[in-house]
Every structure is written in structure tokens, then in C-alpha cells.
1. So what J values fall out for region 43-59 if you push phi through Karplus, 6.51 cos²θ - 1.76 cosθ + 1.60 with θ = phi - 60°, rounded to Hz, Gly and Pro as x?
2. Dipole of the chain, Cα-centred, from +1 at each Lys and Arg C-beta and -1 at each Asp and Glu C-beta, to the nearest 20 debye?
3. Given H placed 1.01 Å from N in the peptide plane, which residues other than close sequence neighbours of residue 40 have an amide H under 5 Å from its amide H?
4. Looking at the square roots a ≥ b ≥ c of the eigenvalues of the Cα gyration tensor of region 1-54, which shape do they give, rounded for a/c under 1.5, prolate if a/b is larger than b/c, or oblate?
5. At a Förster distance of 22 Å, what's the computed FRET efficiency of residue 1 paired with residue 52, Cβ-Cβ distance as r, to 0.05?
6. For residue 52, what accessible surface area do you get with a 1.4 Å probe? Give it in Å², rounded to 10.
7. How much area per residue is accessible in the chain when the probe is 1.4 Å and only protein heavy atoms are counted (Å²)?
8. Given a cut-off of under 8 Å on Cα pairs at least six residues apart, what relative contact order in percent is computed for the chain?
Amino acid sequence: MLVTLHGGPHDGRIIDADTSVPLRLPVLMPGAGGEAPELGEIAAYAPDDGGVWRYAGSSS
């Protein structure tokens, strides 16, 4: 199912997701001096009572 993410580092993105479980998406941090990006925190999204997928926090 296509869902739009609201808030957090992925705000406004539309993704095809399994809506039966909360989403956990990696956040890429820019690399220093033109190096490749590094994996940062993991952003979590979950639907609210109205079915809108909102940022629920992050973990490292």
C-alpha cells in the first residue's frame, strides 16, 4: 500500500509499505569531504488513529 510519511527525516516521501507493522527506515548522513554517506539513526513511523503515518522517533 502506498503511504505518505509525515514529519522526521523522511517527511513527504511516498513509499510502498506493509501497513501491518510500524516502519523503520534508515537515515543516511552526508559523508565528510565528499565521502560516501554513512548510516545514521533509524527513523520509525507508525499510523495515528486516523491512518496518517507520522514520525514516532529514532534510534541508533
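The values are calculated or read from the model by the stated rules, or taken from the named source; none is laboratory data. All of these numbers come straight from a predicted model, not from anything done at the bench. All Cβ positions, even for glycine, are placed from backbone atoms using ideal geometry, and neighbour counts span all protein chains on display. Areas reflect the complete protein model, heavy atoms only, side chains present, ligands, DNA and RNA absent. Shrake-Rupley method; radii C 1.70, N 1.55, O 1.52, S 1.80 Å.
1. Computed from phi, the couplings for region 43-59 are 8, 10, 10, 8, x, 8, 4, x, x, 8, 7, 10, 4, 10, x, 9, 9 Hz.
2. On the way: 3 positive and 8 negative charges, 9 e Å.
Roughly 40 debye, rounded to the nearest 20.
3. It is 27, 28, 29, by chain and number.
4. Details: a/c = 2.72, a/b = 2.63, b/c = 1.03.
The shape class here is prolate.
5. Values: r = 13 Å, r/R0 = 0.60.
Between residue 1 and residue 52 the formula returns 0.95.
6. Rounded to the nearest 10, that gives 50 Å².
7. Numbers: 4110 Å² over 60 residues.
On a per-residue basis, the chain sits at 69 Å².
8. On the way: 110 pairs, mean separation 18.7, N = 60.
For the chain, the relative contact order is 31 percent.
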